[in-house]
Amino acid sequence: MRPDSGPVHGERAARPREERFDRYDWERARGPITAFGEDKTLAAWATDPRCAVKREALRTRLALGWSPEDAITRKRHDKPTLDYTYQGRTLTLRGWAEQSGIKYHTLYGRITTAGMTFEEALLKGAEGADFTLQVAAFGETKPLAQWAVDPRAGCSVTTMRRRLVQGWDTEQAIAEEPHNRSTLGSGVPHRAYGLSMGLEDWARHTQIPSGVLRYAMDHHDLPLDAALQALGWTPSTTAGPLPDLIEIPAAQLRAGDTVLGTADGTGQGLVLTVRRPDPAPRPLQRPAPRVLPPAVAAPRSTARR
């Protein structure tokens with residue numbers, strides 16, 4: 001007999017299983033399933049002529065919360081159209097992400113995981129101080145992120161901020177459309193190292209394919225400058241910083257500051273959004289490159305042999 005004091009060599013100690021909570025509700029795929037005015041079991045629906053997928057795919061769709069009719073009839077490679085309309089403007093979800101400055105995966109997660117409506121997900125805005133800056137235009141004062149999704153907005157939040165930094169009138173910066181209007185919803189300028197240009201231009205500038213840059217930014221949730229560092233690229237020249245937009249208490253207003261908006265700061269009195277040029281350009285600091293998983297360079301492996 002062996003003692004009960006512990007497991008024998010080669011045996012694994014029994015560990016209590018933790019209950020797992022995930023997005024699948026398998027109860028939805030059990031029992032009678034009602035669709036098209038009929039009640040059938042999962043197996044019966046899987047053999048129905050209207051069913052476009054196999055039984056396991058049907059079961060998974062139902063567990064994910066698809067409507068029974070949609071789960072049964074939608075073909076395997078038919079993806080739902082991610083078009084959303086807000087205040088009369090319709091864009092793809094990626095287009096709204098670019099328009100608002102909200103990261104695509106953040107916006108998608110708010111809708112699919114957090115259960116927000118599209119309007120709630122959009123109006124929650126992007127993270128970061130740049131998007132909460134108060135800007136006055138058209139007789140209103142509101143955060144830059146809300147101006148980006150206003151019906152009067154003619155460009156993305158990235159373009160708006162760049163224009164304001166460059167000294168544009170606030171109403172013109174918000175309302176004027178880019179010369180190439182077709183870029184809205186499909187690509188906007190990306191700012192890094194004091195420069196702002198489209199992803200294709202960055203690809204030519206850095207000699208890194210645009211697909212590799214997009215992959216690094218989307219799949220690893222990185223801004224452009226961090227993606228460039230991770231891929232081993234840093235600028236070879238020094239440059240002074242551009243003027244910036246900041247929020248300050250009214251008492252800290254300096255000569256040369258241009259006031260773009262005001263807000264009532266809680267406990268701080270009047271808070272101003274100002275454009276403040278940097279009087280003394282400084283050499284660009286180059287942080288050490290970040291290391292990403294090997295998958296970040298996956299698009300490069302498609303070269304012919």
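Could you tell me whether region 70-81 includes any residue that is farther than 30 Å from THR159 by Cβ, surrounded by 12 or more Cβ atoms within 10 Å (Cβ to Cβ), among the polar types (S, T, N, Q) and touching a Pro at 6+ places or on another chain (Cβ under 7 Å)?
Checking region 70-81: not a single residue is farther than 30 Å from THR159 by Cβ, surrounded by 12 or more Cβ atoms within 10 Å (Cβ to Cβ), among the polar types (S, T, N, Q) and touching a Pro at 6+ places or on another chain (Cβ under 7 Å).
With LEU91, LEU107 as the choices, which residue is outside any strand (DSSP E or B), open to solvent by less than 60 Å² (accessible area, probe 1.4 Å) and within 17 Å of GLN146 (Cα to Cα)?
LEU107
If the Cβ limit is 9 Å and pairs must be 6+ apart or interchain, which residue in region 151-166 that is in contact (Cβ under 8 Å) with a residue 24 or more places away in the chain pairs with which residue that is of a type in the set (Ser, Thr, Tyr) and surrounded by fewer than 18 Cβ atoms within 10 Å (Cβ to Cβ)?
As it stands, the answer is PRO151/TYR86; SER156/THR183, since those pairs meet every condition given.
Does PHE131 satisfy being closer than 14 Å to THR273 by Cβ and under 16 Å from the mean Cα position of the chain (by Cα)?
It is true that PHE131 is closer than 14 Å to THR273 by Cβ and under 16 Å from the mean Cα position of the chain (by Cα).
Which one of ALA63, ALA97, ALA57, ALA71 is over 30 Å from HIS220 (Cβ atoms) and at pLDDT 85 or above?
From the options ALA63, ALA97, ALA57, ALA71, the qualifying one is ALA71.
Determine whether TYR84 is outside any strand (DSSP E or B) and either open to solvent by 50 Å² or more (accessible area, probe 1.4 Å) or out of contact with any Cys (no Cβ under 8 Å at 6 or more places or on another chain) (or both).
Taking the combined requirement at face value, the residue does not satisfy it.
Of the conditions (1) of a type in the set (Gly, Ala, Ser); (2) assigned to a loop (DSSP other than H, G, I, E, B); (3) modelled with pLDDT of 85 or more, ALA136 clears all except one; give me its number.
So ALA136 meets the others, but not (2).
What are the residues in region 110-156 that are surrounded by 19 or more Cβ atoms within 10 Å (Cβ to Cβ) and among the aliphatic types (A, V, I, L, M), if any?
Scanning region 110-156 gives ALA121, LEU122, ALA126, LEU133, VAL135, ALA137, LEU144, ALA145, ALA148, VAL149, ALA153.
Can you name the helices (runs of 4 or more DSSP H) wholly within region 157-231 that have at least 2 residues being at pLDDT below 75, touching a Gly at 6+ places or on another chain (Cβ under 9 Å) and open to solvent by 20 Å² or more (accessible area, probe 1.4 Å)?
199-206
The values are calculated or read from the model by the stated rules, or taken from the named source; none is laboratory data. From a predicted model like this one, the values you see are computed outputs, not experimental measurements. Backbone-built Cβ (ideal geometry, glycine too); neighbour counts: all protein chains shown. Ligands, DNA and RNA are excluded from the accessible area calculation, which covers all protein heavy atoms including side chains. Shrake-Rupley method; radii C 1.70, N 1.55, O 1.52, S 1.80 Å.
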